[in-house]
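Report on the following structure.
Coordinate-derived values only; no laboratory data. Quick caveat: nothing in here was measured; it's all calculated off a predicted structure. Quick reminder, even Gly has a Cβ in these numbers, built from the backbone with ideal geometry, and neighbours come from all protein chains shown.
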Amino acid sequence: MGALDFVKEAVVKRNPHDAEFIQAVDEVLLSLEKVVEKHPEYIEKGIFERIVEPERQIVFRVPWVDDQGKVQVNRGYRVEFNSAIGPYKGGLRFHPSVNISIIKFLGFEQIFKNALTGLPMGGGKGGSDFDPKGKSDAEVMRFCQSFMSELCKYIGPNTDVPAGDIGVGAREIGYMFGQYKRIRNEFSGVLTGKGLNWGGSLARTQATGYGLCYFTEAMLNSKNDSFKGKRVVISGSGNVAIYAAEKATTLGAKVIAMSDSSGYVVDENGIQLDIMKDIKEKRRARIHEYADAVKGAVFSNEKTIWHVPCDIALPCATQNELHKEDALALVKNGVIAVCEGANMPTTPDAINVLQENHILYAPGKASNAGGVATSGLEMSQNSQRLSWSFEEVDAKLKAIMENIFHTVAETAKEYGEADNYMLGANIAGFVKVANAMLDQGIV
């Protein structure tokens with residue numbers, strides 16, 4: 001029996017149908033068994049029981065009218081999980097798969113991710129089961145306005161500062177910000193990911209993908225290695241994947257494969273990012289068009305990209321996309337590092353395979369923290385009414401990601417498991433939040 005089994009049992013009892021949330025809690029609690037011995041005060045003060053229970057969960061109806069004049073109804077969520085070290089901070093996800101379990105798992109992960117950045121941000125997450133794909137701009141605007149009409153009651157620049165996530169880009173942030181401003185009659189930094197003309201930060205678009213590569217490069221450097229000359233496979237072809245591919249290429253790697261929900265493309269000459277950006281960012285088309293446009297590129301409608309031989313794998317699509325058999329294939333084909341650009345994309349069985357085979361593995365709460373870190377920098381700029389240059393923001397981002405790696409590595413070593421970056425990330429993030437909770441009493 002583990003020292004924290006009672007916490008896991010309570011979570012399962014209270015959230016019996018929330019599989020993703022239970023998985024996220026289980027992964028963190030396994031790492032924290034070692035913390036109990038050094039910090040019995042966390043047990044005495046109920047820190048573990050409190051940190052797995054959100055401070056606030058908001059679920060609401062979102063009615064809107066489509067272009068045919070028909071009333072549609074979606075469900076909106078905001079889980080304000082923990083504010084011990086700062087205002088709640090975390091994205092909004094618009095996707096048909098969204099439910100309370102996914103929002104809670106993302107919010108729980110966000111607590112520790114935000115703590116690792118070193119910036120004063122608590123953890124939260126939100127979204128809706130609304131699907132922006134195939135909707136007109138007018139439909140998206142009407143949905144966003146309805147969504148924000150309710151959400152605005154619970155957020156603010158010093159309370160809860162949402163950002164974008166899957167399905168929520170500059171368009172959606174703009175519509176929501178406009179509605180918030182209209183209702184509250186204030187121009188404030190209530191959302192991040194804003195347009196550059198009205199409070200946004202340079203480098204925010206690139207931040208998660210760039211940050212992923214800065215973390216990965218620091219991890220490789222610690223083993224006297226680098227991206228240079230490496231074959232890289234990246235799942236996804238959205239914002240995170242595209243800018244991870246861009247930065248990996250800049251660092252000397254060759255990105256040979258990317259994917260979307262319809263399949264993946266392999267280009268042994270290296271993915272041409274100008275073509276990929278045109279397909280995925282400008283035209284929002286399917287990835288097979290890359291193979292149509294580039295001689296020698298091959299499209300496959302297989303659902304897993306991880307059987308393509310590579311040195312470095314960067315899962316940047318969605319949760320639980322890299323399974324045990326995928327990890328076995330990666331190991332067989334000579335992978336040396338797997339770093340997560342998405343949230344919880346690697347299943348527990350797959351993580352075990354990677355760690356048992358001494359593959360460098362970085363969990364998303366550490367390696368994909370670049371997005372929220374730059375959101376935090378956007379908040380700082382908004383507070384000071386300043387706008388930093390791209391180079392300033394990028395330099396700060398690089399320093400934050402390198403610092404996260406060193407914090408994670410040192411914590412893993414301190415607790416007797418050098419190179420176990422999952423354990424290091426979980427413990428380092430948890431201890432910072434737990435100590436803040438101790439200082440603030442039973443709240």
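Going down the table (K223/K324; K34/K230; K332/K432), which pairs top 32 Å between alpha carbons? Walk me through the numbers on the way to the answer.
Details: K223/K324 25 Å; K34/K230 35 Å; K332/K432 38 Å.
Table pairs above 32 Å Cα-Cα are K34/K230; K332/K432.
Suppose every Lys and Arg Cβ carries +1 and every Asp and Glu Cβ carries -1, with no other charges. What dipole size does segment 116-196 come out with about its Cα centre, to the nearest 20 debye?
Values: 10 positive and 9 negative charges, 41 e Å.
Around 200 debye, computed over segment 116-196.
Of all trypsin sites (Lys or Arg not before Pro) in segment 295-402, which ones are in loop regions per DSSP and have a Cβ with at most 11 other Cβ atoms within 10 Å? If you can, show how the numbers build up before the last one.
Numbers: sites: K295, K303, K324, K332, K365, R385, K396, K398; in loops: K295, K303, R385.
Loop-located and lightly packed - K295, K303, R385.
How high is the relative contact order of segment 207-358, in percent, counting Cα pairs under 8 Å that sit 6 or more residues apart? Walk me through the numbers before you get to the answer.
Values: 308 pairs, mean separation 33.4, N = 152.
Contact order relative to length: 22 percent.
Suppose we keep just the DSSP beta bridges with both residues in the chain; what percent of those would be antiparallel, to 5? If you can, show how the numbers build up before the last one.
Working: 24 of 47 bridges.
The antiparallel proportion sits near 50 percent.
Could you work out the helix-only [θ] at 222 nm for the chain, with each DSSP H run of four or more residues adding -39,500 (n - 2.57) and the total divided by the number of residues, to the nearest 500 deg cm²/dmol? Before the final figure, lay out the partial values.
Numbers: 17 runs with 207 residues, N = 443.
Taken over the chain, the calculation gives -14500 deg cm²/dmol.
Counting only residues 5 or more places away or on other chains, whose amide H sits under 5 Å from the amide H of Y361 once H atoms are built in the peptide plane?
V338, Y421
Using Stokes-Einstein with the Kirkwood hydrodynamic radius over Cα pairs, what translational diffusion coefficient do you get for segment 252-331 at 25 °C and a viscosity of 0.890 mPa s, in µm²/s rounded to a whole number?
It comes out at roughly 187 µm²/s.
Among the listed pairs K113/K254; K125/K413; K89/K153; K125/K194; K104/K303; K125/K396, which are separated by more than 19 Å between their Cα atoms? Provide the component values of the computation, followed by the final result.
Details: K113/K254 28 Å; K125/K413 31 Å; K89/K153 16 Å; K125/K194 17 Å; K104/K303 26 Å; K125/K396 24 Å.
Violating the 19 Å Cα-Cα cut-off are K113/K254; K125/K413; K104/K303; K125/K396.
Where a ≥ b ≥ c are the square roots of the eigenvalues of the C-alpha gyration tensor, would you call the chain rounded, which needs a/c under 1.5, or, failing that, prolate if a/b is larger than b/c, or oblate?
rounded
Going through segment 354-396, which GluC sites (Glu not before Pro) have at most 13 other Cβ atoms within 10 Å and a DSSP loop state?
Values: sites: E356, E378, E391, E392; in loops: none.
Taking segment 354-396 and a limit of 13 other Cβ atoms within 10 Å, no loop GluC sites (Glu not before Pro) are found.
Sorting S149, S31 on the 10 Å Cβ count, fewest up front, what's the list? Let's see the in-between values first.
Working: S149 17, S31 25.
By the 10 Å Cβ count, ascending: S149, S31.
Cross-link partners among aspartates and glutamates for K295, C-alpha distance below 18 Å, same-chain residues fewer than 8 apart left out?
Qualifying aspartates and glutamates at Cα under 18 Å: D267, E268, D274, D278.
Putting +1 on Lys and Arg Cβ atoms and -1 on Asp and Glu Cβ atoms, find which of F60, H39, S101 reaches farthest to the positive end of the dipole of segment 35-125.
F60
By count of other Cβ within 10 Å, fewest leading, how are F112, F105, F299, F390 ordered? Each step should come with its number before you reach the end.
Numbers: F112 27, F105 24, F299 17, F390 11.
With the fewest neighbours first, F112, F105, F299, F390 line up as F390, F299, F105, F112.
Spelling out what I want: for every residue of segment 268-279, take phi, set θ = phi - 60°, compute 6.51 cos²θ - 1.76 cosθ + 1.60 (Karplus), and round to whole Hz; glycine and proline get x.
Calculated HN-Hα couplings, in order: 5, 7, x, 4, 8, 5, 5, 6, 5, 5, 4, 5 Hz.
Report the Cα centroid-to-centroid distance between segment 43-110 and segment 362-415 in angstrom, as an integer.
Cα centroid of segment 43-110 versus Cα centroid of segment 362-415: 23 Å apart.
Of the beta bridges DSSP finds with both residues in segment 5-186, what % are antiparallel, to the nearest 5? Please list the in-between numbers first.
Details: 17 of 27 bridges.
DSSP beta bridges in segment 5-186 are roughly 65 percent antiparallel.
Using Cα-Cα distances under 8 Å and only pairs 6 or more residues apart, what relative contact order does the chain have, in percent? Walk me through the numbers before you get to the answer.
Details: 897 pairs, mean separation 66.9, N = 443.
It comes to 15 percent, rounded to a whole number.
What list of ³J(HN,Hα) values in whole Hz, one per residue of segment 170-179 in order, does the Karplus curve 6.51 cos²θ - 1.76 cosθ + 1.60 (θ = phi - 60°) give from phi, with Gly and Pro shown as x?
Taking θ as phi minus 60°, the curve returns 4, 4, 5, 4, x, 4, 5, 4, x, 5 Hz for segment 170-179.
Write down the Kirkwood hydrodynamic radius of segment 207-358, to one decimal in angstroms, obtained as one divided by the mean of 1/r over all alpha carbon pairs. List each step's numbers first, then the result.
Details: mean 1/r = 0.0663 Å⁻¹.
Answer for segment 207-358: a Kirkwood hydrodynamic radius of 15.1 Å.
Trypsin sites (Lys or Arg not before Pro) within segment 186-261: which are DSSP loop residues with at most 16 other Cβ atoms inside 10 Å? Before the final figure, lay out the partial values.
On the way: sites: K194, R204, K223, K228, K230, R231, K247, K254; in loops: K194, R204, K223, K228, K230.
Answer by residue number: K223, K228.
Per 0.36 nm of contour for each residue apart, how much would the distance between D131 and R286 grow if the chain were fully extended, relative to their Cα-Cα spacing? Before the final figure, lay out the partial values.
On the way: separation 155, 0.36 × 155 = 55.80 nm, distance 1.65 nm.
Roughly 54.1 nm would be gained on extension.
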